[in-house]
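Data block below; observations after.
The values are calculated or read from the model by the stated rules, or taken from the named source; none is laboratory data. The shown structure was predicted, so the numbers you read here are calculated from the model rather than taken from an experiment. Every residue, glycine as well, gets a Cβ built from its backbone with ideal geometry; the counts of neighbours run over all protein chains shown. Just so you know, the surface numbers come from the protein's heavy atoms only, side chains and all, with ligands and any DNA or RNA stripped out. Shrake-Rupley method; radii C 1.70, N 1.55, O 1.52, S 1.80 Å.
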Amino acid sequence: MQTNLRADLINTPRGIEAERILRACVHCGFCNATCPTYQLLGNEDDGPRGRIYLIKQMLEGAPVTETTRTHLDRCLTCRNCETTCPSGVEYGKLVDIGRAEVETQSPRSPASRFYRYVLRRSLLSPRLFALALGGARLFRPLLPDSLKKKVPAFRVAGSLPASVHSRQMILLEGCVQPALSPDINGAARRVFDALGISLVAAPSVGCCGAIEHHLNAEEAARATMRRNIDAWWSLVESGAEAIIVTASGCGVQVKDYGQALAQDADYAAKAAKISALTRDPIEVLLAEQDNTKWADLRSHHAAKKARRIAFHPPCTLQHGQKLKGKTEKLLTDLGFELTPVPNAHLCCGSAGTYSILQPELSGQLKKQKVQALESGEPELIATANIGCQTHLASGTKRRVVHWLTLIDPAAAA
């Protein structure tokens, strides 16, 4: 794709990156075939190829309109198009550049900016979010069905391991996950403990920066990244082997710290180190299968009755982190029966704050995904991201859990 960037972008990091990505696109349109919003709306500008053209025109000096913003806002950033693209176009990076450009060239209305600010602050405060969720759970019986479905049931973390092992890894607790589903990180601690690994957390670390990133608050996101790096650094220097992130959406964000802070002279090297250390739990568990303690964990599950489950691989796991099929293989090896799921590559519609900001499109995608997951008549649904878990649970009567809770040594048979 030929480009003619504006003079103010030439030889800037953003301009160089955008031009590199744009030149890789060959206009083939394979991306549209797997784009959820293009499939729903059938509009070229609501598919990756059309959005790439919109971004290109902006960067070349074309007027930026509300229509441009609408089409970019509708993008889920599921990155399915990246998996499909034969030319390796890094669409996710390009759409981030495009959204930042829209915010600069055509600022949102004051009301829209205020709403997004309130949304960001409420989700970023674990205490505020937990308080609001607790109130919603308290009055859940009185809520109409449409709202009742959006309030997840109460879950407990369970007993945490008391032992301290010589092998240690850092655990990202997260911002909304501890309140929504504390059993996830509880299960992670027990699973890793069974393998002789202690998971330690830095109390000052909450959000990974993804929420701010989703809401185009890039400077705030980078500030969050720097705070997290500072909080983790002493643990890294003390020999922590990895940073474990149980929410795949947060995992793909932390793995991108090195890229996001590449131009920051004070943090570039540290950010690259943090990204290199970040692992989804499935990466570690597959690597630990030669661990002598793995046999004990396997036999523990072999003694249980096999469960029939449908697994939803989040976009951030299969397209963002490129870990497609890994979790499914582990679960199958441990004796779980996985039901077939049509179009497993498609997004469920959660996509961070997308389900809040684009409820109609998100709802349509949720309905399609739930139908696909339920088509094999599973006992329950498992996934790897708290956003997907909560979103899917609001659309089905089946229980939706994080897959780690299925292999938790403390889980019931």
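Quote the convex hull volume per residue of segment 314-380, based on C-alpha atoms, as a whole number of Å³.
Values: hull volume 6.1 nm³, N = 67.
Expressed per residue, the convex hull around the Cα atoms of segment 314-380 is 90 Å³.
Could you tell me the convex hull volume per residue, in Å³, taken over the Cα atoms of segment 235-321? Please report the intermediate quantities before stating the final value.
Details: hull volume 9.9 nm³, N = 87.
Once divided by residue count, the hull of segment 235-321 is 113 Å³.
Give, as ranges by residue number, the residues of segment 264-281 whose backbone N falls under 18 Å from the point 7 Å along Cα→Cβ of residue 155.
280-281
Whole number please: convex hull volume per residue, Cα atoms of segment 38-116, in Å³.
100
So if I restrict to the alpha-carbon atoms in segment 188-230, what is the Rg, and what is Dmax, the biggest pairwise distance, in Å?
Rg, Dmax (Cα atoms, Å): 14.2, 40.
If the chain between residue 295 and residue 162 were fully stretched, how many nm would it gain, using 0.36 nm times the residue separation less the Cα-Cα distance? Write out the running numbers ahead of the final one.
On the way: separation 133, 0.36 × 133 = 47.88 nm, distance 2.17 nm.
Extending this stretch completely gives an extra 45.7 nm.
At 1.4 Å probe size, what's the solvent-accessible area of residue 65? Round to the nearest 10 Å².
Roughly 60 Å² of residue 65 is accessible to a 1.4 Å probe.
At what distance in nm do the modelled label points of residue 4 and residue 40 sit from each other, each positioned 7 Å from its Cα along Cα→Cβ?
The modelled label-to-label distance comes out at 3.6 nm.
Could you look at segment 323-413 and say what percent of its accessible area is carbon and sulfur, using a 1.4 Å probe and all protein chains?
52
Taking a ≥ b ≥ c as the square roots of the Cα gyration tensor eigenvalues, with a/c under 1.5 meaning rounded and otherwise prolate when a/b beats b/c, else oblate, which class fits segment 351-402?
It comes out oblate by the Cα gyration axes.
Taking square-rooted eigenvalues a ≥ b ≥ c of the alpha carbon gyration tensor, is segment 1-70 rounded, prolate or oblate, where a/c under 1.5 means rounded and, failing that, a/b exceeding b/c means prolate?
oblate
Among the aspartates and glutamates, which have Cα under 18 Å from the Cα of residue 150 when same-chain residues fewer than 8 positions away are ignored?
Within reach: 360.
May I ask you to compute the full-extension gain from residue 399 to residue 87, defined as 0.36 nm times their residue separation minus their alpha-carbon distance, rounded to one decimal in nm?
Using 0.36 nm per residue and subtracting the Cα-Cα distance, I get 108.4 nm.
Let me know the longest stretch in the chain that avoids all chymotrypsin sites (Phe, Trp or Tyr not before Pro) found in a DSSP loop with at most 13 other C-beta atoms within 10 Å.
On the way: sites that count: 139, 154.
The segment 155-413 is the longest one with no such site.
Using a 4.7 Å Cβ cut-off, which Cys residues in the chain lack a partner cysteine?
Cys with no partner Cβ under 4.7 Å: 25, 28, 35, 75, 85, 348, 388.
Of all GluC sites (Glu not before Pro) in segment 297-404, which ones are in loop regions per DSSP and have a Cβ with at most 16 other Cβ atoms within 10 Å? Show your work: numbers first, answer last.
On the way: sites: 328, 337, 360, 374, 379; in loops: 379.
Sparse-neighbourhood loop GluC sites (Glu not before Pro): 379.
Work the Kirkwood hydrodynamic radius out for segment 147-272: mean of 1/r over every pair of different alpha-carbon atoms, inverted, in Å.
15.6 Å is the Kirkwood radius here.
What length, rounded to one decimal in nm, is gained on full extension from residue 329 through to residue 109, with 0.36 nm per residue of separation minus their alpha-carbon distance?
74.5 nm
So what is the accessible area of segment 371-413 per residue, in Å², with the probe set to 1.4 Å?
Normalised by residue count, the accessible surface of segment 371-413 is 36 Å².
Within the chain, which complete DSSP H helices have Cα atoms spanning at least 15 Å along the helix axis and a mean Kyte-Doolittle hydropathy of 0.5 or higher?
126-138
Express in % the proportion of alpha carbon pairs of the chain at distances exceeding 42 Å. Write down the numbers at each step before the final one.
Working: 10134 of 85078 pairs.
More than 42 Å apart: 12 percent of the Cα pairs in the chain.
Going through the cross-link list 326/369; 255/322; 93/270; 56/369; 367/397, which pairs have a Cα-Cα distance over 23 Å in this structure?
Listed pairs above 23 Å: 56/369.
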